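The values are calculated or read from the model by the stated rules, or taken from the named source; none is laboratory data. A quick note: this is a predicted structure, and the numbers were derived from the prediction, not measured. A quick note on method: Cβ atoms are made from the backbone with ideal geometry, for glycine too, and the neighbour counts reach across all protein chains shown.
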Ligand SMILES: O=C(O)CCC(=O)C(=O)O
Ligand SMILES: [Fe+2]
């Protein structure tokens, strides 16, 4: 399926562009075919990305066993161009509380990491730069989060992007079939 601005049920369109692998995310569920885009199945989840995500968990938890039982089966690949941003939300369409691993490539952003109760304060703003990994696990798994700002022109040219920001969130859907 092609990358596109996701249409929301109430008529809005996301400023971020998204393409999925493994399972297709549409607001607010996962399907095997991209019903709301072109009716095609999504690309399979690559083995190398499973390994990358597991290494992130080992690092984040400083525990060599942390990735062992974790097998992500979907990733949302988001592209932020221009003024694109992402409002505060929870990742809660998965039927699993397994950690989410996020990888950022390209321009640096302000990533707002909030609390599990409300989309308002308290939150912590952190800068995510190209190559950064962020893990939402344990008590943080269902914390509200968002991207209020991307800093244009901040990416290292060696990242391979001419501009903008890519973010890949690897997830366990908890679905079968
Ligand atoms: O772009 C990011 O860093 C976060 C993306 C995100 O929250 C999501 O895809 O659900
Ligand atoms: Fe999210």
Over the range 148-177, the set of residues out of contact with any strand residue (DSSP E or B) (no Cβ under 8 Å at 6 or more places or on another chain), in a loop (DSSP other than H, G, I, E, B) and more than 23 Å from residue 94 (Cβ to Cβ) is 152, 153, 154, 156, 162
Can you run down the residue pairs with Cβ atoms below 9 Å, 6 or more apart or on separate chains, where the first is in the range 152-170 and at positive phi and the partner is within 16 Å of ligand 2 (Cβ to nearest atom) and modelled with pLDDT of 95 or more? 164/79; 164/80; 164/84; 164/150
Meets criteria (exposed (fewer than 12 other Cβ atoms within 10 Å of the Cβ) and in a loop (DSSP other than H, G, I, E, B)) for residue 93: no
Flag if residue 31 is more than 14 Å from ligand 1 (Cβ to nearest atom), in contact (Cβ under 8 Å) with a residue 60 or more places away in the chain and surrounded by fewer than 19 Cβ atoms within 10 Å (Cβ to Cβ): no
Scanning the range 93-104 for residues that are more than 12 Å from the chain's Cα centre (by Cα) and over 16 Å from residue 22 (Cβ atoms) gives 97
Single condition residue 91 does not satisfy, out of (1) farther than 16 Å from residue 174 by Cβ; (2) touching a residue at least 60 places away in the same chain (Cβ under 8 Å); (3) within 15 Å of ligand 2 (Cβ to nearest atom): (1)
Step by step: first the residues of the range 98-119, then only those that are surrounded by fewer than 13 Cβ atoms within 10 Å (Cβ to Cβ) and farther than 21 Å from residue 8 by Cβ, then the one that is nearest to ligand 2 (Cβ to nearest atom). Which residue is that? 116
Every listed condition ((1) surrounded by 15 or more Cβ atoms within 10 Å (Cβ to Cβ); (2) out of contact with any strand residue (DSSP E or B) (no Cβ under 6 Å at 6 or more places or on another chain)) holds for residue 65 save (1)
Which of the numbered conditions does residue 125 fail, given that it passes all the others? Conditions: (1) under 26 Å from residue 67 (Cα atoms); (2) within 16 Å of ligand 2 (Cβ to nearest atom); (3) without any contact (Cβ under 8 Å) to a residue 40 or more places away in the chain. (1)
